[in-house]
Amino acid sequence: MKYYSTNGKAPLADLQKAVVKGLAEDRGLYMPEEIYKLPQAFFDDMKGMSFQDIAYNVASNFFGEDVDEDALQDLVFDTLSFDCPIVKVEENIYSLELFHGPTLAFKDVGARFMARLLQYFLRVAPSGAVGGSVNVLVATSGDTGSAVANGFLGVEGIHVYVLYPKGKVSPIQECQFTTLGKNITAIEVDGVFDDCQALVKSAFMDEELNKHMMLTSANSINVARFLPQAFYYFNAVARLAALGYQPSDIVMCVPSGNFGNICAALFGHQMGLPIHRFIAANNANDVFYEYLQTGQYNPRPSVQTLANAMDVGDPSNFARILNLYSGNGSLSPAETHQRITSLISGATYSDEQIADTMRQCYKETGYILDPHGACGYQALKDNLRPGEVGVFCETAHPAKFKEKVDSILGTDIEIPDRLAAFMKGQKQSVAMSKDFKNFKEYLMKQ
Ligand SMILES: *Cc1c(COP(=O)(O)O)cnc(C)c1O
């Protein structure tokens, strides 16, 4: 499969290059030239298949031309050592729990898959583009760092540097990437998240550093990071079908920040996954919601909210969504907008509304939402029509945001063993100023 750039000014890339580089030379996002439909027989059989088997079929349809069959199967089964159940919250509303992986949030799947795919390319092409070893730089305000660090932990030939703002990450999040050791180095930056991101960007642009070491990123701009999230949606439809629901009634609601997760769902839809329509749920960062209403896209700085993993003012995967529905550039912006709004609607919630939703849901159903999932649940409550069945993604385990959840609900929720285990580990990190000169000096010595 060849991959083109959404900016249309970079040469075509193969999968290996798209995964290693992440971003195309013209700063666009890579898109596959072709998205194949899965055969009807697969959809007919899906409800009797396991999550892992469903995922392998999807992965094979997408990556099968570029990755050896046995290796791909190993890769998928290694990535999905956990389940993604749907849980009934109330009549016709289900929670798709994407938090049963190692760090209790949905990014685990993409991070692990990407780590294993990079490792595969290191093995099959040791002297090729990858050149023997790869260094992943990732800036995090919390969730991405833990998913990437754990996904890449112990994967040979790859070293991960997680940059995070000192004192700005919750203790539960911090311990998930500072206690691992091995090939994971946590770098505690004396600054804010934007300083961490600026350090990473400067590193990617520094010629001398890029000659010294192979650098790559692991955020949802990467094809290998976002696409595996499509597995979740195929599984959701299969489980609902097994309960007797018609695919033509399913509304999928995805709490969104950078729009990687919903983008994966939309790729699934392009592969033929029968979902009736989608809702993108936002917190107060509502540029996508505004685009749906007006056709105008006005990126702006993000504002801080309770659902902080969705605090994004210029969602990177917006370019992919536009591209997906632009008829290969043949449609006008207005026609593209029309296609998008006929499939996707939006919702936006303030912190106050998020907290109210969490309290209402807990009181009436006993289900504990995290602030991100709360946006998804409320968007279904507000938009579901008669005859439809709604599924919202519960993107993280509420215990990941224990302080907030407890103070809103007046609970003392239990911390799952997996999370508690991280908290027992010894914190190790490298202190760094926000000055690129120091960061570069440090990397040049590695
Ligand atoms: C990353 C994240 C999101 C947003 O996902 P996108 O793919 O960036 O849209 C939502 N909830 C949680 C808990 C997250 O970690």
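What follows is calculated from the coordinates using simple rules that are stated; it is not laboratory data. Predicted model only: the values in this text are computed from it and were never measured. A quick note on method: Cβ atoms are made from the backbone with ideal geometry, for glycine too, and the neighbour counts reach across all protein chains shown.
For Leu343, Leu98, what ranking results if the residue with the fewest other Cβ atoms within 10 Å of its Cβ goes first?
With the fewest neighbours first, Leu343, Leu98 line up as Leu343, Leu98.
By the Stokes-Einstein formula, at 1.002 mPa s and 20 °C, segment 293-444 with its Kirkwood radius over alpha-carbon pairs has D equal to 112 µm²/s. Panel values: segment 292-345, Kirkwood radius from alpha carbon pairs, Stokes-Einstein at 4 °C and 1.567 mPa s, translational diffusion coefficient 104 µm²/s. Counting neighbouring beta carbons within 10 Å and listing from fewest to most, the residues Asp311, Asp356 come out as Asp356, Asp311.
Our Cα-only numbers for the chain put the radius of gyration and Dmax at 20.8, 62 Å.
Using every Cα-Cα pair within segment 323-406, state what percent have a distance larger than 18 Å.
So the pairs more than 18 Å apart make up 53 percent of the total in segment 323-406.
Applying both filters, DSSP loop and at most 10 other Cβ atoms within 10 Å, to the GluC sites (Glu not before Pro) of segment 21-56 gives Glu33, Glu34. Within the chain, what percent of beta bridges assigned by DSSP are antiparallel, to the nearest 5? Of those bridges, close to 20 percent are antiparallel.
Give me Arg116, Arg320 ranked fewest to most by other Cβ atoms within 10 Å of their Cβ, as a rough exposure proxy.
So the residues, fewest neighbours to most, are Arg116, Arg320.
Normalised radius of gyration for segment 216-315, please: alpha carbon Rg relative to 2.2 N^0.38 Å, two decimal places. Working shown, then result.
Numbers: Rg = 14.8 Å, N = 100, 2.2 N^0.38 = 12.7 Å.
My calculation over the Cα atoms of segment 216-315 gives 1.17.
Full extension of the chain segment joining Leu292 with Thr365 gains 23.1 nm, where the gain is 0.36 nm per residue of separation less the Cα-Cα distance. Each stretch of four or more DSSP H residues adds -39500 (n - 2.57); spread over every residue of the chain, this sum gives -13000 deg cm²/dmol at 222 nm.
Once the C-beta distance of Arg418 and Arg27 is scaled by a Förster radius of 30 Å, the resulting FRET efficiency is 0.20 to the nearest 0.05. With the simple model of a label 7 Å out from the Cα in the direction of the Cβ, Gln426 to Thr411 spans 3.5 nm.
A crude spin-label estimate for the pair Asn7 and Arg123, with each label 7 Å from Cα along the Cβ direction, gives 3.4 nm.
With the charge dipole of the chain set up from +1 on Lys and Arg Cβ and -1 on Asp and Glu Cβ about the Cα centre, the Cα lying farthest toward the positive end among the listed residues Gln378, Gly329, Val391 is that of Gly329.
Going down the table (Lys21/Lys434; Lys21/Lys201; Lys168/Lys201; Lys166/Lys427; Lys201/Lys437; Lys21/Lys211), which pairs top 18 Å between alpha carbons?
Lys21/Lys434; Lys168/Lys201
Applying 1/(1 + (r/R0)^6) with r as the Cβ-Cβ distance of Ser60 and Gln246 and R0 = 25 angstrom yields a FRET efficiency of 0.40.
Of all lysines in the structure, those lying under 19 Å Cα to Cα from Lys88, and not within fewer than 8 positions of it along the same chain, are Lys47, Lys363, Lys381. Remark on segment 1-130: Rg and Dmax equal 16.9, 56 Å (Cα only). With only the Cα atoms considered, segment 64-216 has a convex hull volume of 146 Å³ per residue.
Of Lys211, Lys402, Lys381, the residue with the greatest mean-square motion in the GNM of the chain, using alpha carbon springs below 10 Å, is Lys211. Over the chain, with a Gaussian network built from C-alpha contacts below 10 Å, which listed residue (Val287, Val124, Val148) shows the highest mean-square fluctuation? Result for the chain, Cα springs under 10 Å: Val124 fluctuates most. With 10 Å bins beginning at zero, the pair-distance distribution over Cα atoms of segment 145-192 amounts to 29, 55, 15, 1 %.
In summary, the aspartates and glutamates within cross-link reach of Lys445, defined as a Cα separation below 19 angstrom excluding same-chain residues under 8 places away, comprise Glu188, Asp206, Glu207, Glu208, Asp435. Kirkwood Rh over alpha-carbon pairs of segment 275-368, then Stokes-Einstein at 37 °C and 0.692 mPa s: what D in µm² s⁻¹, rounded to an integer? Stokes-Einstein gives a translational diffusion coefficient of 223 µm²/s. Of the three principal axes defined by the Cα atoms of segment 1-52, the extents in descending order read 44, 19, 14 Å.
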